[in-house]
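The structure under discussion appears below in the form of structure tokens.
The values are calculated or read from the model by the stated rules, or taken from the named source; none is laboratory data. Here the structure is a predicted model, which is why all the values come from computation and not from measurement. Cβ placement follows ideal geometry from the backbone for every residue including glycine, while neighbour counts extend to all protein chains displayed.
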Amino acid sequence: MSDQNKDDRIFDEPIVDEAQPEGADDANSDYEALVRLMKENEELKDRSLRIAADMENLRRRTAREVQDARAYSVANFARDMLTVSDNLRRAIDAVPAELRAAGEAGLTALVEGVEMTERSMLTTLERHGVKKLSPEGEKFDPNFHQAMFEVPNPAVPANTVVQVVQPGYSIGDRVLRPAMVGVAKGGPKAAAEAPAEPGPINEQAERDA
């Protein structure tokens with residue numbers, strides 16, 4: 001073979017880049033695709049967690065609203081019925097004690113009928129979650145009580161309910177009507193101790209001084 005042919009064969013052979021092995025481009029492409037898929041997977045996972053959290057919050061809020069609707073749906077009606085109950089009580093209290101003691105058949109039957117109606121109404125209201133507040137002897141709570149006056153009473157601590165002018169009512173943890181009460185001012189403050197009387201002069205101490 002001539003030298004010319006040898007030179008031509010050398011130039012015809014493909015030049016291989018030893019710094020970049022075969023298949024490197026495919027490997028880089030696969031790696032980038034994998035990174036992209038992992039990132040998309042994390043984004044989808046984060047989105048699904050957020051959606052799940054939103055759905056759980058919605059479920060809890062809906063359950064709470066349904067529970068409140070059941071518990072407080074009769075609140076306005078119950079508040080109106082309290083006026084009727086108050087009128088029944090006023091009718092009972094309007095009958096003089098001496099007439100009730102006389103025991104007239106017609107009057108006794110009337111009073112007993114009104115009292116039975118009042119009890120039946122209060123029982124029905126209680127069955128629907130309405131509770132009567134009679135806080136005598138309890139500590140005054142501005143969330144459930146309305147103070148009408150103060151009563152000096154050294155026998156009980158201050159802010160103790162000592163008289164209920166009108167009972168209150170609550171439904172669930174809400175107040176339909178606060179109880180109107182009289183509150184104790186508490187006992188008088190302890191008198192300040194009088195200063196000690198000076199004792200006899202110690203002559204020895206005077207001389208030592």
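Is one or more of the residues making up the stretch 127-138 within 16 Å of Arg79 (Cα to Cα), among the hydrophobic types (A, V, I, L, M, F, W, C) and in contact with a Phe, Trp or Tyr (Cβ under 9 Å, 6 or more places away or on another chain)? The answer is yes, given that some residue of the stretch 127-138 is within 16 Å of Arg79 (Cα to Cα), among the hydrophobic types (A, V, I, L, M, F, W, C) and in contact with a Phe, Trp or Tyr (Cβ under 9 Å, 6 or more places away or on another chain).
Any residue at all in the stretch 90-111 that's surrounded by 10 or more Cβ atoms within 10 Å (Cβ to Cβ) and touching an Asp or Glu at 6+ places or on another chain (Cβ under 7 Å)? Yes, the stretch 90-111 contains a residue that is surrounded by 10 or more Cβ atoms within 10 Å (Cβ to Cβ) and touching an Asp or Glu at 6+ places or on another chain (Cβ under 7 Å).
Among the criteria (1) over 20 Å from Ala179 (Cβ atoms); (2) surrounded by 12 or more Cβ atoms within 10 Å (Cβ to Cβ), the one Tyr72 does not fulfil is (1). Say whether the condition of being under 49 Å from the mean Cα position of the chain (by Cα), modelled with pLDDT under 85, assigned to a loop (DSSP other than H, G, I, E, B) and under 27 Å from Val130 (Cα atoms) is met by at least one residue in the stretch 70-89. Within the stretch 70-89, one or more residues are under 49 Å from the mean Cα position of the chain (by Cα), modelled with pLDDT under 85, assigned to a loop (DSSP other than H, G, I, E, B) and under 27 Å from Val130 (Cα atoms). Of note, Val156 satisfies the criterion of being without any contact (Cβ under 8 Å) to a residue 40 or more places away in the chain and of a type in the set (A, V, I, L, M).
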